[in-house]
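A short worksheet on the structure shown next.
Laboratory data are not the source of any read-out in this text; all were calculated from the coordinates shown. The shown structure was predicted, so the numbers you read here are calculated from the model rather than taken from an experiment. All Cβ positions, glycine included, derive from the backbone under ideal geometry; neighbour counts span all protein chains shown.
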Amino acid sequence: MPLTLKIAVTHLNSRRRQTLMSLLGVMLGVAFFMAVSSLMRGSEQDFIKRLVDSAPHITVSDEFRDAPVQPAVKRFPDGAVAISNVKPKTEVRGIRGYKQKMAYIEHIPGVRVAPVLSGQIILTYAGKEQGVLMNGVVPELMAGVSDIEEKIVAGNMQALSSSPNGVIIGRALAKKMNLEMGDNVTVSSPVGLVRTMKIVGLFETGATAIDEGQAYVLLKRAQVLLDRPDRANMLVMQLDDPYASREVAARIEKHIGYRSRSWQEASESLLSVLLVRNIIMYSVVSAILVVASFGIYNIISTVVMEKRRDIAILKSMGFTARDVRHIFLWEGTIIGLMGSVGGLTLGYGLIWALSTLRFQVPGVSVPIEMPVYWGLDQALIACAFAALSAMGAAYFPARKAGLVHPVDILRGQA
Amino acid sequence: MSSDGAVEVLRAEHVTRELTGEVPVTLVKNASLTINRGEFVSIMGPSGSGKSSLLYLLGLLDMPTSGRIWLDGEEVTTLTERQIARIRLEKLGFVFQFHFLLVEFTVLDNVMLPMTKLGRLPEKQQRERAEALLADLGMADQLRKRPDQLSGGQRQRVAIARALANDPLIILADEPTGNLDSKSSANVRDILSELVHVRNKTVLAVTHDPEFARAGDRQIHIVDGRIATDGMRPD
């Protein structure tokens with residue numbers, strides 16, 4: 001053991017109470033840093049996973065990114081003539097030639113695609129009416145692009161194929177309207193068509209807005225109800241690599257012309273909120289460690305003040321300013337490292353405790369678990385930050401100790 | 001070596017130490033002296049006369065404003081702080097009025113400290129040497145004690161053992177008996193005297209105590225920072 005380390009350990013050992021308080025400060029700093037970071041990153045990952053898993057990675061909709069250029073503007077691109085009040089040409093809603101577009105998309109490796117025709121309908125049952133968003137789907141294709149099949153708690157998606165008049169609704173909506181599996185419900189579409197459809201499945205996503213506000217029918221049935229034969233107004237996709245969605249969406253949009261939106265684009269504002277949230281989180285938890293480092297500064301400054309006489313004798317004995325600095329830097333390092341190790345244990349304990357918590361939130365049917373992140377990287381960040389703060393806090397008193405002139409102390413003592 | 005066979009270990013020429021500030025103070029004025037191996041030199045003088053300041057300069061704890069100092073034939077006033085620290089470690093041993101032992105360490109650890117710092121001997125030999133030094137000074141049964149468990153005289157003996165740890169050329173003592181009762185003072189004086197006369201060590205000691213000064217071979221009197229007299233002890 002280096003002599004300077006031995007002296008540092010002796011100093012800390014002789015002031016056990018203050019040393020323990022400093023250690024506790026670092027331990028709590030590291031532990032809270034880890035617990036808060038784990039919660040924030042866990043919730044961020046959970047949030048992104050929900051975004052990625054529950055929503056399509058890419059959605060092609062029946063609209064264009066830029067308004068269509070009018071013929072007069074095309075004819076005279078640099079002309080000074082302004083034509084006002086030109087009404088754009090009326091387009092039939094829906095993606096034109098969606099099957100050809102799908103054929104192109106299906107050729108992109110790692111991409112699965114399904115057509116959807118969505119529109120508002122009204123369900124009527126026993127005098128109760130409820131407006132819902134109807135999604136016309138092809139069950140076989142939908143399984144490859146959505147996890148809705150996993151959320152079905154009664155019946156299954158394939159039932160739509162075997163029962164063309166079937167409809168799958170959310171369990172919360174069924175409860176609200178007193179509907180059960182096998183019940184017949186009246187469906188009214190915006191174009192005035194009324195059909196009786198049979199409940200062939202119930203799903204539960206945990207999100208009230210979806211569970212009470214959406215329904216699934218066969219695509220062909222939706223095309224009839226909305227009077228859009230052979231049309232789909234969305235092509236939804238999932239990718240093997242969700243993080244490639246932005247590039248793939250751009251490629252598809254360039255080829256087929258319709259607006260192609262990746263999940264990142266659709267959730268841009270949410271993702272930027274996550275970034276801001278992370279900055280705030282790291283600032284707050286880092287503040288805990290900064291406060292802890294003030295504790296270390298305080299104890300080492302006190303030791304330096306108390307040990308001025310010892311510093312003088314060490315220097316008279318042949319210790320250099322560097323040796324003296326090392327003693328006090330060792331003290332900061334020991335507190336930082338031991339506090340980090342203790343903080344790691346405490347931090348992982350806190351994370352485990354948080355992971356066992358369950359909450360029932362109003363409006364959500366399933367209990368919420370605390371999403372925690374167990375990654376080692378956050379522990380390393382916390383420990384590195386704690387060790388550096390401790391050494392930084394020790395540096396200034398250590399430097400001061402190194403500058404002590406033995407004669408000043410000896411004269412004062414004599 | 002001089003013509004009379006004496007081996008010079010320390011020489012100061014025209015050493016002056018001034019403190020700058022609003023009111024400049026001259027601690028030591030134009031001091032010149034030579035110390036030979038095996039001498040027991042007492043520096044005496046009234047309080048504030050500059051005796052301790054001269055000792056700190058000769059012990060390389062302070063640097064002169066002007067003048068030059070040679071230790072063991074090497075001029076030390078031009079060396080770096082690191083080199084001077086090394087010389088203090090290897091060639092000088094200090095004993096102060098207040099024992100200045102490290103209170104958290106045992107007696108044995110305190111004596112081993114300079115040897116550990118120097119790193120010439122393996123730990124086992126450091127321990128053996130420290131034990132032998134302490135035994136010579138009558139402290140063999142106090143090795144595991146801490147300084148606050150010892151009397152003032154015992155602490156000063158430990159400080160002397162520590163000063164001897166690296167077998168220095170010179171032992172510099174600043175009022176080594178100034179804080180002791182007469183019995184302990186006599187004991188410390190006898191130890192230092194024996195170091196010189198039996199072991200051929202060199203001792204340079206600042207003292208107020210005429211009894212202590214009489215144990216030395218040579219007395220230097222300082223008045224107002226100047227060496228007023230420097231001569232052999234009057235018998």
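Observations on the structure shown:
- Filtering region A:384-406 for residues that are among the β-branched types (Val, Ile, Thr), more than 13 Å from A:Val26 (Cβ to Cβ) and touching a residue at least 60 places away in the same chain (Cβ under 8 Å) leaves a non-empty set.
- Filter pass, B:Leu204 being part of a strand (DSSP E or B) and closer than 29 Å to B:Gly50 by Cβ: yes
- Enumeration of residues in region A:319-335 that are surrounded by 22 or more Cβ atoms within 10 Å (Cβ to Cβ) and under 22 Å from B:Phe96 (Cα atoms): A:Phe319, A:Val324
- Residues within region B:88-142 that are facing chain A (nearest Cβ under 7 Å) and either of a type in the set (Ser, Thr, Tyr) or part of a loop (DSSP other than H, G, I, E, B) (or both), tallied: 8
- Only residues that are of a type outside the set (Val, Ile, Thr) and away from chain B (no Cβ under 14 Å) were counted in region A:309-362, giving 26.
- If you go through region B:63-80 and keep only what is within 14 Å of chain A (Cβ to nearest Cβ) and under 20 Å from B:Thr202 (Cβ atoms), you end up with B:Leu71, B:Val76.
- Test result for B:Ser42, within 19 Å of the chain's Cα centre (by Cα), within 30 Å of B:Arg214 (Cβ to Cβ) and surrounded by fewer than 14 Cβ atoms within 10 Å (Cβ to Cβ): no
- Candidates in region A:164-195 are the residues that are of a type in the set (Gly, Ala, Ser) and more than 20 Å from A:Ala114 (Cα to Cα); of these, the one that is surrounded by the fewest Cβ atoms within 10 Å (Cβ to Cβ) is A:Gly192.
- Members of region A:138-188 found to be without any contact (Cβ under 8 Å) to a residue 40 or more places away in the chain, under 34 Å from the mean Cα position of the chain (by Cα) and in a loop (DSSP other than H, G, I, E, B), listed by number: A:Ala143, A:Gln158
- B:Ala161 meets each of the listed conditions (1) buried (at least 20 other Cβ atoms within 10 Å of the Cβ); (2) closer than 24 Å to B:Val7 by Cα apart from (2).
- Subset of region B:170-200 (residues that are assigned to a loop (DSSP other than H, G, I, E, B) and buried (at least 19 other Cβ atoms within 10 Å of the Cβ)): B:Glu175, B:Pro176, B:Thr177, B:Leu180
- Flag for A:Ser245 being on the phi < 0 side of the Ramachandran plot and surrounded by 21 or more Cβ atoms within 10 Å (Cβ to Cβ): yes
- Strands (runs of 3 or more DSSP E) fully within region A:196-310 counting 3 or more residues that are more than 23 Å from the chain's Cα centre (by Cα): A:214-218
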